[in-house]
Amino acid sequence: MIEPFVTIHKNVEIGEGTWIGSNVVIMDGARIGKNCRIFPGAVISGIPQDLKFAGEDTTAEIGDNTTIRECVTINRGTKDRWQTVVGNNCLIQAYSHIAHDCLVGNNCIFSNSSTLAGHITVGDYVVLAGMVAVHQFCHIGSHAFVAGGSLVRKDVPPYVKAAREPLSYVGINSVGLRRRGFSSDQINEIQDIYRTMFIKNNNLTKALDIIEAECKPTEIRDEILDFVRSSNRGVMKGFGHGKIGL
């Protein structure tokens, strides 16, 4: 259903069952899935706010069952990734901004006025509390929680809670993990890994070696190790006795 005063440009695809509220603007290159809800004032697939953009044919893609609240802006990609993507079952709350070439996973919640700069990757089940600002090229791992008002300048590993200034590890996202069916053994495993990485007095290289040597190989362990080792911007710092960084 499309409400009055909606503007839809050319080269747009909208899935069945999607509701478009009044005064929404959907621009060239939008790809919107099924059963989405887009509230008044949102602008989807605007051209990137990037001076290098030269009019290339790119897209902004929104998965199924995603809700976009009032005055959200989602820009389409550039020739870097050719697309901006928001996954399935996401809730993007009012006044949030998702810039060009961002890749956002499934089941994410971005609270009011959360802002992603360009080229950011966000995993599944990530929660950004209100007024979080994320630096370009950062990576936020799946199941992470970032506290309101945080400035994200470094990568945030999966399964953690991040807060303080500068952004730091403040524990694992145990409440979110339990809600999503993680077992006590899995939660304890995650906690042990991050205790070695962030709490004990190890530098990052030593911490990774200890984790690999002493923690049995599991999908969770390998995901965390791969995330940290592949980080380009470096991971956020620890707290307490931990003093790490890339």
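Of all residues being of a type in the set (S, T, N, Q) and assigned to a loop (DSSP other than H, G, I, E, B) in region 154-201, which is modelled with the lowest pLDDT? Just the residue, please.
Among those residues, the one meeting the criterion is Asn201.
Are any of the residues in region 36-58 assigned to a strand (DSSP E or B), modelled with pLDDT of 95 or more, among the acidic types (Asp, Glu) and touching a Lys or Arg at 6+ places or on another chain (Cβ under 6 Å)?
Kept after step one, since they are assigned to a strand (DSSP E or B), are these residues of region 36-58: 37-38, 43-46.
Cutting the leftovers down to modelled with pLDDT of 95 or more gives us 37-38, 43-46.
Filter once more, so that each one left must be among the acidic types (Asp, Glu): none.
No, region 36-58 contains no residue that is assigned to a strand (DSSP E or B), modelled with pLDDT of 95 or more, among the acidic types (Asp, Glu) and touching a Lys or Arg at 6+ places or on another chain (Cβ under 6 Å).
Just checking, does region 95-108 include any residue being over 17 Å from the mean Cα position of the chain (by Cα), among the acidic types (Asp, Glu), in the same structural domain as Gly130 (by TED's automatic domain parsing) and assigned to a loop (DSSP other than H, G, I, E, B)? Steps first, please.
Applying the first criterion (over 17 Å from the mean Cα position of the chain (by Cα)) to region 95-108 yields none.
Looking for residues that are over 17 Å from the mean Cα position of the chain (by Cα), among the acidic types (Asp, Glu), in the same structural domain as Gly130 (by TED's automatic domain parsing) and assigned to a loop (DSSP other than H, G, I, E, B), one finds none in region 95-108, hence no.
When you look at Tyr159, is it crowded, with 19+ Cβ neighbours inside 10 Å, of a type in the set (Phe, Trp, Tyr), over 24 Å from Pro48 (Cα atoms) and touching a Lys or Arg at 6+ places or on another chain (Cβ under 9 Å), yes or no?
Values: crowded, with 19+ Cβ neighbours inside 10 Å: yes; of a type in the set (Phe, Trp, Tyr): yes; over 24 Å from Pro48 (Cα atoms): yes; touching a Lys or Arg at 6+ places or on another chain (Cβ under 9 Å): no.
Considered against the rule, which asks whether it is crowded, with 19+ Cβ neighbours inside 10 Å, of a type in the set (Phe, Trp, Tyr), over 24 Å from Pro48 (Cα atoms) and touching a Lys or Arg at 6+ places or on another chain (Cβ under 9 Å), Tyr159 comes out as no.
Hey, among the residues in region 128-139 that are surrounded by 21 or more Cβ atoms within 10 Å (Cβ to Cβ) and without any contact (Cβ under 8 Å) to a residue 60 or more places away in the chain, which one's nearest to Arg164 (Cα to Cα)?
Here is the first cut: in region 128-139, the residues surrounded by 21 or more Cβ atoms within 10 Å (Cβ to Cβ) are 128, 132, 134, 138-139.
Filter once more, so that each one left must be without any contact (Cβ under 8 Å) to a residue 60 or more places away in the chain: 128, 132, 134.
Numbers: Leu128: 14, Val132: 12, Val134: 14 Å.
Checking each candidate, the answer is Val132.
Among the residues of region 144-153, how many are surrounded by fewer than 22 Cβ atoms within 10 Å (Cβ to Cβ) and either not charged (D, E, K, R) or not in a loop (DSSP other than H, G, I, E, B) (or both)? Step through it out loud before you land on a result.
Quick first cut of region 144-153, residues surrounded by fewer than 22 Cβ atoms within 10 Å (Cβ to Cβ) only: 147-149, 151, 153.
Those left that are additionally either not charged (D, E, K, R) or not in a loop (DSSP other than H, G, I, E, B) (or both): 147-149, 151.
Adding up the residues that qualify gives 4.
Among residues belonging to region 111-132 that are assigned to a loop (DSSP other than H, G, I, E, B) and aliphatic (A, V, I, L, M), point out the one that is nearest to the chain's Cα centre (by Cα).
The first filter runs over region 111-132 and keeps only residues assigned to a loop (DSSP other than H, G, I, E, B), leaving 111-114, 117-120, 123-126, 129-132.
Among the residues that remain, those that are also aliphatic (A, V, I, L, M) are: 117, 120, 126, 129, 131-132.
Values: Ala117: 11, Ile120: 7, Val126: 6, Ala129: 11, Met131: 14, Val132: 11 Å.
Filtering first and then ranking leaves Val126.
The values are calculated or read from the model by the stated rules, or taken from the named source; none is laboratory data. This structure is a prediction, so every number in the text was calculated from the model and none was measured. Cβ: placed from backbone, ideal geometry, glycine included. Neighbour counts: every protein chain shown.
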